[in-house]
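Student: Shown below is the structure under consideration.
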Amino acid sequence: MTPEEVCQILKSEFGEAIEDALLEGAHPCAKVAAHRWGEVATFLRDDSRLRFNLLRSITAIDMLADDKLACVYDVMHIPTDAPAELVTTTIIFAVRIEVDRNAPSIPSVASLWPAADWHEREAFDMMGIDFPGHPDLRRILCCDDWVGYPLRKDYDFPLEYHGIPATTEFELTNPRH
């Protein structure tokens, strides 16, 4: 099944919730409204035509110029009803969710795809995106008392942490280089 066919199915099922189909380039995707993501994700996993049974990754994106953050969900359909040596019909598709960077919130899909658990925690920790419904949304890479979201483009790198001076990859004590 092609990305165009997947987008057509989604558009016929969800109408305006499918905000755009970005089919040009190497990473085609459907742009989905954040408030409908939970039901669209359930449909992608459960619909007999699609059966996207694996979440490969979630990538968080800072769109500073547009005052938005985004998550791109790469999902796959891997047939489970055939022996591994006969599986040649893996389908890969992407979904993009864009949210306001001042109050970023995307419904969690950790209950649908277990791989989302740590991916959502990383996007929360590094970019500050909230995932309502996540079973254990807390920092995963930074310390609990860390201030800010290190992968945001406007992040101010601290000059020290608990008295430990910060350095950059060039061993400069001023990270504004």
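Student: Taking the stated definitions as given, is Asp81 exposed (fewer than 14 other Cβ atoms within 10 Å of the Cβ), over 30 Å from Leu151 (Cα atoms) and either out of contact with any Gly (no Cβ under 9 Å at 6 or more places or on another chain) or modelled with pLDDT under 95 (or both)?
Tutor: Against the criterion (exposed (fewer than 14 other Cβ atoms within 10 Å of the Cβ), over 30 Å from Leu151 (Cα atoms) and either out of contact with any Gly (no Cβ under 9 Å at 6 or more places or on another chain) or modelled with pLDDT under 95 (or both)), Asp81 qualifies.
Student: Still on this model: Of all residues in the stretch 48-63, which are closer than 14 Å to Ile129 by Cα and out of contact with any His (no Cβ under 7 Å at 6 or more places or on another chain)?
Tutor: Once the filter is applied, which keeps residues that are closer than 14 Å to Ile129 by Cα and out of contact with any His (no Cβ under 7 Å at 6 or more places or on another chain), the stretch 48-63 yields Thr59, Ala60, Ile61, Asp62, Met63.
Student: Now for a different question. State whether one or more residues within the stretch 145-154 are touching a helix residue (DSSP H, G or I) at 6+ places or on another chain (Cβ under 7 Å) and surrounded by 19 or more Cβ atoms within 10 Å (Cβ to Cβ).
Tutor: For the stretch 145-154, residues touching a helix residue (DSSP H, G or I) at 6+ places or on another chain (Cβ under 7 Å) and surrounded by 19 or more Cβ atoms within 10 Å (Cβ to Cβ): present.
Student: Take Val99 and tell me if it is in contact with a helix residue (DSSP H, G or I) (Cβ under 7 Å, 6 or more places away or on another chain), farther than 22 Å from Gly128 by Cβ, hydrophobic (A, V, I, L, M, F, W, C) and in a strand (DSSP E or B).
Tutor: no
Each row is one residue, and each column tells you yes or no for (1) among the acidic types (Asp, Glu); (2) surrounded by fewer than 16 Cβ atoms within 10 Å (Cβ to Cβ).
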site: Glu16; (1), (2): yes, yes
site: Ala30; (1), (2): no, no
site: Trp37; (1), (2): no, no
site: Phe52; (1), (2): no, no
site: Ser57; (1), (2): no, yes
site: Asp62; (1), (2): yes, no
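Student: Return a yes/no flag: does the stretch 84-93 have any residue that is touching a Cys at 6+ places or on another chain (Cβ under 6 Å) and hydrophobic (A, V, I, L, M, F, W, C).
Tutor: Checked the stretch 84-93: no residue is touching a Cys at 6+ places or on another chain (Cβ under 6 Å) and hydrophobic (A, V, I, L, M, F, W, C).
The values are calculated or read from the model by the stated rules, or taken from the named source; none is laboratory data. Just so you know, these numbers come straight off a predicted model, no measurement behind them. No Cβ is skipped: glycine too gets one built from the backbone with ideal geometry, and neighbour counts run over all protein chains shown.
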